[in-house]
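Beneath this line is the structure, given in structure tokens, with notes to follow.
The values are calculated or read from the model by the stated rules, or taken from the named source; none is laboratory data. Everything quoted here is computed from the prediction, not taken from an experiment. All Cβ positions, even for glycine, are placed from backbone atoms using ideal geometry, and neighbour counts span all protein chains on display. To get the accessible areas, we keep the full protein, side chains included, count just its heavy atoms, and leave off ligands, DNA and RNA. Shrake-Rupley method; radii C 1.70, N 1.55, O 1.52, S 1.80 Å.
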Amino acid sequence: MANAVMPVAQVTLSQSVSSTELLQTTSSARVRRTVTPLSSFGQAARPTVAGFFADNEFRSSLKMTRSTQRQAHHRLQVNAVQKAEYIWMDGQEGKKGIHFNEMRSKTKVIQNDIPPGSLDFPDWSFDGSSTGQAEGRFSDCILKPVFTCPDPIRGDPHVFVLCEVLNPDGTPHETNTRHLIKSVLSQDILDEDTLFGFEQEYTMFNKAGKVYGWPESGFPHPQGPFYCGVGLEAVYGRSLVEAHLDACIKAGLKISGINAEVMPGQWEFQIGPAGPLEVGDHVMIARWLLHRLGEDFGITVTFEPKPMEGDWNGAGAHTNYSTKSMRKDGGMKAIEAAIEKLSKRHGEHIQQYGLGNERRLTGKHETANINTFKSGVADRGASIRIPLPVSLAGKGYLEDRRPAANVDPYVVARMLIETTLKN
């Protein structure tokens with residue numbers, strides 16, 4: 001500590017040295033200020049420094065410096081350990097009302113850093129009776145790390161640890177839909193190199209329970225000016241959207257874009273192209289980040305399929321899907337064959353494509369009716385859309401426009417694979 005404080009006491013009246021500057025000053029690197037030793041001042045009338053008498057000011061500086069040193073030492077201690085945010089889903093997305101979500105997390109302190117990307121993080125447990133995943137008499141559920149990435153909020157060396165939920169005997173919990181994908185990834189499926197692009201729409205609400213940016217009473221301007229809009233009257237909530245985009249990029253997620261949606265206060269981010277497990281992992285981390293950052297902005301995010309009744313668009317999760325056969329020359333035949341197979345299992349997909357989806361898939365607001373299957377080129381009123389560039393190229397991918405915003409991305413990926421490649 002002796003080296004941390006200069007053996008000087010007085011700074012010229014026009015300049016003062018902060019406690020931080022004192023902390024950073026050593027005997028070999030002095031603050032470049034005009035200084036006068038305390039001994040040169042008389043005891044009767046001591047000049048003041050930054051509003052204090054010299055003796056008191058110097059003692060105050062010493063106290064502040066030592067306090068700051070302790071704080072810095074504490075920060076060094078904090079940074080010497082790693083915080084791992086264990087993240088999982090309780091399987092109740094859409095079942096808790098419009099303002100609550102299925103994401104859960106808690107922090108584990110790791111004494112010896114484990115690099116992001118590693119799966120060497122230890123298993124953990126949680127009280128399943130408090131998340132609706134177990135009964136109180138036998139409540140422990142196991143968290144099994146399956147994906148890790150940098151924590152963009154806390155910074156290096158901290159990490160996110162996405163987990164599957166297991167029963168106490170090590171078997172997959174009934175809310176664990178991720179493990180089901182593994183059962184369909186046989187070698188012939190892996191050879192098709194399936195890729196997914198997930199378009200996650202969401203709606204923002206303020207603390208008062210109103211759509212973010214909407215007037216306290218009444219409604220905003222009718223839909224039209226808001227999709228991909230710019231300007232104070234056309235866009236609500238961009239600060240959170242940009243912070244979320246930055247966080248996803250820093251976390252290493254395969255986020256490929258953002259845009260304002262048709263209804264004001266509604267946005268979309270896209271994840272992909274990515275494989276069937278990867279797309280779900282990245283979507284779930286991105287969802288968690290959106291909810292977590294919303295805390296800082298005073299915004300609640302919902303994936304409710306139809307958050308506002310009336311002449312307002314709902315929120316979906318359009319899923320772009322392709323196989324190697326679709327992407328090669330002449331791939332349109334594989335796309336058309338996949339659409340034919342999807343038409344025959346329409347009802348099964350709808351049952352798994354999100355709660356409350358019947359209020360969104362009405363045949364209006366860029367949707368097909370939930371009871372009707374239809375496909376078309378560049379048709380946003382279709383169940384399955386073939387993008388115009390794909391039609392012109394004769395190869396590429398298809399877009400499944402049926403999934404609701406609250407859909408489980410692991411379920412969508414598995415069902416598309418099962419229907420188009422397994423049946």
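Computed quantities for the displayed model
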quantity: Prolate/oblate/rounded label for segment 124-242 (Cα gyration tensor, a/c 1.5); calculated: prolate
quantity: Cut-off under 5 Å, modelled amide H: who pairs with Gly229 long-range; calculated: Ala260
quantity: Over segment 98-165: Kirkwood hydrodynamic radius from C-alpha pairwise inverse distances, Å; calculated: 13.4
quantity: Three-way shape call for segment 202-304 based on the alpha-carbon gyration tensor, with the a/c threshold at 1.5; calculated: prolate
quantity: Carbon/sulfur fraction of accessible area - segment 184-234, other protein chains in place, 1.4 Å, %; calculated: 57
quantity: Table column - 3J(HN,Hα) (Hz), segment 149-158, Karplus curve with 6.51, -1.76, 1.60, x for Gly and Pro; calculated: 7, x, 8, x, 8, 7, x, 5, x, 7
quantity: Loop trypsin sites (Lys or Arg not before Pro), segment 312-379 (other Cβ atoms within 10 Å of the site Cβ: 11 or fewer; DSSP); calculated: Lys328
quantity: In order through segment 286-293: 3J(HN,Hα) via Karplus (6.51 cos²θ - 1.76 cosθ + 1.60), integer Hz, x for Gly, Pro; calculated: 5, 5, 4, 4, 5, 5, 5, 5
quantity: Translational diffusion coefficient (Stokes-Einstein; Kirkwood radius from C-alpha pairs) of segment 246-301 at 25 °C, 0.890 mPa s, in µm²/s; calculated: 204
quantity: Mean separation of Cα contacts under 8 Å, 6 or more apart, over the residue count of segment 290-423: relative contact order %; calculated: 32
quantity: FRET efficiency, Leu392 to Val81 (Cβ-Cβ, R0 56 Å, nearest 0.05); calculated: 0.50
quantity: Selection of GluC sites (Glu not before Pro), segment 157-236, meeting DSSP coil and at most 15 other Cβ within 10 Å; calculated: Glu174, Glu216, Glu233
quantity: Solvent-accessible area per residue for segment 177-325 (1.4 angstrom probe, square angstrom); calculated: 39
quantity: Heavy-atom accessible surface of segment 235-386: percent carbon and sulfur, 1.4 Å; calculated: 47
quantity: Cα-Cα pairs of segment 156-206 separated by more than 17 Å (percent); calculated: 66
quantity: Under the Karplus curve 6.51 cos²θ - 1.76 cosθ + 1.60, θ = phi - 60°, whole-Hz ³J(HN,Hα) for segment 223-240, x wherever Gly or Pro sits; calculated: 4, x, x, 9, 4, 6, x, 8, x, 4, 7, 9, 10, 10, x, 4, 4, 5
quantity: Loop-located trypsin sites (Lys or Arg not before Pro) in segment 186-281 whose Cβ has at most 11 other Cβ within 10 Å (DSSP); calculated: Lys207
quantity: Taking N as its residue count, the alpha carbon Rg of segment 282-334 over 2.2 N^0.38 Å; calculated: 1.77
quantity: Cα gyration tensor shape of segment 369-423, rounded if a/c is under 1.5, else prolate or oblate by comparing a/b with b/c; calculated: oblate
